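Following: one structure in structure tokens, then a few remarks.
The values are calculated or read from the model by the stated rules, or taken from the named source; none is laboratory data. Bear in mind that the values here come from a model prediction, so they are computed numbers and not experimental data. In this analysis, Cβ positions are derived from the backbone assuming ideal geometry, glycine residues included, and neighbour counts consider all displayed protein chains. The protein model used for the area step is the full one, side chains on, heavy atoms only, and it has no ligands, DNA or RNA in it. Shrake-Rupley method; radii C 1.70, N 1.55, O 1.52, S 1.80 Å.
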Amino acid sequence: MRKKIIAGNWKMNKTPLEGKAFATDMAVRCDVPDVDVVFCVPFVMLCPVSGATKPTSVALGVQNMHFEDAGAYTGEISSPMLAHFGVKYVIIGHSERRAYFNETDETVNKKAIKALSSGLIPIVCCGESLAQREQGVTMEHIRMQVKLALAGISADDAAKVVIAYEPIWAIGTGKTATTDQAEEVCAGIRKVLAEIYNEETANQIRIQYGGSVTASNAADLFAQPNIDGALVGGASLTDDFEKIVKYNQ
Ligand code: PGA
């Protein structure tokens, strides 16, 4: 049985003081034993939010990192810097980073490898555009993204990775994929993982759905056999996040 993992992607929202206040309240409300809960916060909030999550089971995550440890990379943050704050998860290859910040399948792969060798768990994002879905090439695209992201990663390491399937057309649009559409692609991803590695490894890897997840659609999505949780954007900044985490109550 794969434990569900529900991660909030705060994106570029809140000031450190607002983040601290929100996390202090929300971490206590999301302190549940049966789900791994993660707050993926902006870097400048690591200090205040880590204080808020520490007494709870909520884990700390970030939304990006560089693949080198140190060097002349103005404006970047490396994995040894993150370790200081007790960061456990790092979102890699979110479609917004691919679209606005030149993230490529190659940098996603380098970052995933670096995260794993640094003891961080990468949440590797993949997802098709509306044009790709309409042209019927969703699975080809996802298959390529997943294979390239995991290139050179051993089965043992891959088992720790979280994959987030996020159709780009469903992110921040209020247009959730139907449970059937989400399950179809997540099941397809698990098949690709079995091809790259083996059934056992594929069955260990957690696959999240992301894209307009709310308290009203979470339980249906999580009831699907291949959906092991969610990457939540907008709703992670509201009271709804607690309801998503407590989807089975
Ligand atoms: P959304 O974002 O829940 O606001 O659609 C999801 C994400 O981008 O991870």
Checklist entry - Within the bounds of region 89-102, is there any residue that is without any contact (Cβ under 8 Å) to a residue 40 or more places away in the chain and over 18 Å from MET12 (Cα atoms)? => result no
Item to check | Residue check, GLU134 over 26 Å from GLU184 (Cβ atoms) and open to solvent by 60 Å² or more (accessible area, probe 1.4 Å) | outcome: no
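Residue-by-condition table, conditions (1) assigned to a helix (DSSP H, G or I); (2) among the aliphatic types (A, V, I, L, M); (3) closer than 21 Å to ILE168 by Cα:
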site: PHE22; (1), (2), (3): yes, no, no
site: VAL44; (1), (2), (3): yes, yes, no
site: PHE85; (1), (2), (3): no, no, no
site: GLU103; (1), (2), (3): no, no, yes
site: LYS110; (1), (2), (3): yes, no, no
Item to check | Test set (1) assigned to a loop (DSSP other than H, G, I, E, B); (2) modelled with pLDDT of 95 or more - MET1 fails condition number | outcome: (2)
Next on the checklist: Give me the residue from region 197-212 that is within 12 Å of the ligand (Cβ to nearest atom) and either touching a residue at least 60 places away in the same chain (Cβ under 8 Å) or open to solvent by 10 Å² or more (accessible area, probe 1.4 Å) (or both) and, out of that set, farthest from GLY152 (Cα to Cα).
Outcome noted: SER212
Next on the checklist: Suppose we filter THR214, THR176, THR201 for residues that are β-branched (Val, Ile, Thr), part of a loop (DSSP other than H, G, I, E, B) and over 17 Å from CYS126 (Cα atoms); which single one remains?
Outcome noted: THR214
Item to check | Residue that is nearest to the ligand (Cβ to nearest atom) [pool: residues in region 160-177 that are open to solvent by 50 Å² or more (accessible area, probe 1.4 Å) and either among the charged types (D, E, K, R) or touching a helix residue (DSSP H, G or I) at 6+ places or on another chain (Cβ under 9 Å) (or both)] | outcome: GLY172
